[in-house]
Amino acid sequence: MNPEGVNEGATDHRGDALPVLSKSATNMKMDRLMSTPMPSFTGSTPGSFFWTHAAWWFGKRVRAAQFRTREVTGRDTLPADRGNLCCAWHTNGLMDPLAIALNHPRFFVLGARHDLVTRPLLSWWTRRMAVQPVVRKAELLRGGCSEEEATQINGRTLLMLATGISNGYGCVLFPEGTSHSDSSMLRFRTGPMRTVLAAGAIAKSNNLPLPAVIPIGLHFRNRELFRTDEWVEYGAPIQLLDEDIPDALVESVRDGQWSEPPAENVISLRDKLRLELVPLTPNTSDWAENDALHLMGQVDARRSKTPLGSWREEVLAARSFRDALQPATLSYMDKEVPAIDHPSLPPARAVSALLKDRGLDGRDLDAEGTDLRSFSPLRGVLGLVRLPFFLLMLPIALYALGAQIAMGRLLGDSTDEGLDARTSYHFLSAMFGSLMFWPILTCIVVWLALNNTTALQDVLGFDWTLVYGAGSGARTMATATLVTACPFVFWLSGRSFAKFWDDWSDFKRAVTRMRTRGTARQNIRGALSTLHSEMDQMTP
């Protein structure tokens with residue numbers, strides 16, 4: 001269902017359909033947008049030092065619980081002496097910029113969709129981090145604001161981002177301009193290129209190193225699921241050169257005013273970025289084809305007796321098959337990606353579809369890749385070892401996390417922003433839910449402990465208020481220790497819950513494999529047999 005008031009069917013000047021806007025995106029609060037705090041570039045963070053560090057710290061803790069495995073590669077290639085503009089494809093809402101910014105060695109000057117700096121609660125934090133609002137073409141063409149207002153807001157934002165990049169900070173912008181659910185990249189917008197060229201002009205005018213553009217691959221196994229796998233792939237930097245920055249642009253930005261870079265420079269950089277960025281995405285005709293390539297990667301690894309040990313290895317294996325099977329004439333500049341026409345794809349599609357319908361994938365194949373693997377008791381030993389600790393922590397987890405889990409599920413499952421925004425709400429509920437609820441829950445625990453010391457002494461065998469002594473100061477220290485310990489215990493209960501979720505998911509997959517019998521099992525074996533026959537005929 002489209003949000004009320006959206007002019008659905010609107011297109012841009014190229015005739016491409018504009019993205020469907022959420023209700024929040026259509027609610028433009030111009031007074032608050034114009035009063036957005038400006039970043040400062042004199043310290044290590046463009047916004048508040050304390051709140052930025054706090055946000056980064058909390059963000060890393062929540063992401064550690066949200067993802068089962070996380071891997072980052074390519075950070076060693078980042079130029080450390082200059083600003084970076086990081087660019088990636090955009091299919092996972094807020095999780096995409098977080099994946100980049102929280103794994104980058106520098107703090108970021110941030111630009112974001114306009115409603116992120118006006119929403120209740122979230123805006124309190126984004127404004128302290130000096131996040132700058134961006135009005136997208138979709139809001140402008142659908143009448144969310146006037147062209148003059150959009151030009152004023154975006155001009156100021158692009159100038160602030162460019163100034164931050166020129167001063168050595170990181171920045172992330174998505175050339176597609178919107179989060180989406182396609183398996184290949186959308187047409188590129190020019191905003192990131194214009195921003196980094198302006199940053200280069202500002203750097204050049206101040207005799208600073210010219211910034212670099214960093215193409216980044218963002219890979220999520222199942223982006224919408226809790227405890228999925230993530231790989232952040234920093235690609236080779238695209239270094240701006242002196243000839244990319246005309247002297248006229250340097251003169252224009254010298255006085256701190258936004259100026260548009262020459263169109264030919266913008267287009268040249270856009271095309272260069274697309275050539276580097278598209279290979280770091282699935283770039284398939286649809287998601288079913290991408291699943292089939294991942295299945296082929298898993299089967300090939302078993303055929304060569306080199307099982308894939310990580311999500312990153314699986315992505316690279318699928319990429320290898322994609323590059324080998326796609327037409328040699330396919331250009332990364334093409335908007336449409338044709339389906340792979342190869343005899344191995346139909347059986348691979350069939351197997352991946354049969355597995356996906358049961359919540360399985362290529363990891364569930366046996367060592368030969370010809371059938372589903374059996375249940376291994378040894379794999380369940382660790383889960384059984386962890387189970388008593390989880391059961392011990394379960395009441396605390398329900399007390400500490402119940403409200404925010406419910407809030408995350410409610411918001412994530414009812415959002416009008418699409419599947420790509422689901423885990424964004426889970427993240428926000430986990431982060432801000434902890435900040436909102438845990439202080440209150442801690443106060444309740446301390447109040448109950450202070451008013452039930454006799455009952456607790458009977459349970460614990462000692463008076464907890466006297467652990468440091470009998471004086472009032474010692475009692476105060478005991479109370480302070482309890483206050484400090486509560487958030488840590490809450491966090492520990494959350495980690496225990498996450499590990500239990502992993503063990504439970506593995507157990508359900510094992511049960512599903514064992515219960516897949518009869519015709520369903522024969523269909524999987526038959527499709528795998530056909531796939532092996534086709535792969536036997538492939539050129540090494």
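The values are calculated or read from the model by the stated rules, or taken from the named source; none is laboratory data. This structure is a prediction, so every number in the text was calculated from the model and none was measured. Glycine gets a Cβ as well: all are built from the backbone with ideal geometry, and neighbour counts include every protein chain shown.
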Kindly indicate whether any position in the stretch 271-278 is aliphatic (A, V, I, L, M), assigned by TED's automatic domain parsing to the domain that holds Thr151 and more than 28 Å from Asp361 (Cα to Cα). yes
Being surrounded by 18 or more Cβ atoms within 10 Å (Cβ to Cβ) and within 14 Å of Ile524 (Cβ to Cβ) is the filter here; which residues of the stretch 358-407 pass it? Leu360, Asp361, Gly362, Asp364, Leu365, Gly369, Leu372
Restricting to the stretch 172-211, what's the tally of residues that are out of contact with any Leu (no Cβ under 7 Å at 6 or more places or on another chain), closer than 27 Å to Thr42 by Cβ and surrounded by fewer than 23 Cβ atoms within 10 Å (Cβ to Cβ)? 5
The stretch 108-133, residues that are farther than 14 Å from Thr36 by Cα and buried (at least 23 other Cβ atoms within 10 Å of the Cβ): Phe108
Please specify each residue of the stretch 490-519 satisfying the condition of being of a type in the set (Lys, Arg) and either surrounded by 15 or more Cβ atoms within 10 Å (Cβ to Cβ) or in contact with a helix residue (DSSP H, G or I) (Cβ under 8 Å, 6 or more places away or on another chain) (or both). Arg495, Lys499, Arg509, Arg513
Within the stretch 439-446, does at least one residue satisfy the condition of being modelled with pLDDT of 90 or more, touching a Phe, Trp or Tyr at 6+ places or on another chain (Cβ under 8 Å), loosely packed, with under 15 Cβ neighbours inside 10 Å and part of a helix (DSSP H, G or I)? no
If you go through Ala248, Ala236, the only one that is closer than 25 Å to Asp182 by Cβ and surrounded by fewer than 19 Cβ atoms within 10 Å (Cβ to Cβ) is Ala236
Residues within the stretch 30-82 that are within 22 Å of Ala130 (Cβ to Cβ), assigned to a loop (DSSP other than H, G, I, E, B) and not small (Gly, Ala, Ser), tallied: 9
Tell me the residue from Pro97, Pro105 that is surrounded by 20 or more Cβ atoms within 10 Å (Cβ to Cβ) and either touching a strand residue (DSSP E or B) at 6+ places or on another chain (Cβ under 9 Å) or among the acidic types (Asp, Glu) (or both), please. Pro97
With respect to the numbered conditions (1) more than 29 Å from the chain's Cα centre (by Cα); (2) of a type outside the set (A, V, I, L, M); (3) farther than 29 Å from Arg303 by Cβ, which one is the sole condition not fulfilled by Gly369? (3)
Subset of the stretch 220-261 [over 21 Å from Leu161 (Cβ atoms) and among the basic types (Lys, Arg)]: Arg221, Arg223, Arg227
Quick one: in the stretch 150-171, of everything that is surrounded by fewer than 22 Cβ atoms within 10 Å (Cβ to Cβ) and modelled with pLDDT of 90 or more, which residue is nearest to Pro215 (Cα to Cα)? Gly168
Extreme residue, modelled with the lowest pLDDT, among residues of the stretch 177-197 that are within 23 Å of Pro262 (Cβ to Cβ) and assigned to a loop (DSSP other than H, G, I, E, B): Gly177
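Here's the yes/no breakdown for (1) assigned to a helix (DSSP H, G or I); (2) within 24 Å of the chain's Cα centre (by Cα):
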residue: Ser505; (1), (2): yes, yes
residue: Arg509; (1), (2): yes, no
residue: Met514; (1), (2): yes, no
residue: Leu528; (1), (2): yes, no
residue: Met535; (1), (2): yes, no
residue: Met538; (1), (2): no, no
Six or more apart or on different chains, Cβ atoms under 7 Å: show the pairs whose first residue is in the stretch 289-305 and in contact (Cβ under 8 Å) with a residue 60 or more places away in the chain and whose second is of a type in the set (Ser, Thr, Tyr) and surrounded by fewer than 20 Cβ atoms within 10 Å (Cβ to Cβ). Asn290/Ser183
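Residue-wise test of (1) at pLDDT below 95; (2) more than 29 Å from Ala510 (Cα to Cα); (3) of a type outside the set (D, E, K, R); (4) out of contact with any Ser or Thr (no Cβ under 6 Å at 6 or more places or on another chain).
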| site | (1), (2), (3), (4) |
| --- | --- |
| Ala328 | yes, yes, yes, yes |
| Gly362 | no, no, yes, yes |
| Phe375 | yes, no, yes, yes |
| Leu387 | yes, no, yes, yes |
| Ser414 | yes, yes, yes, yes |
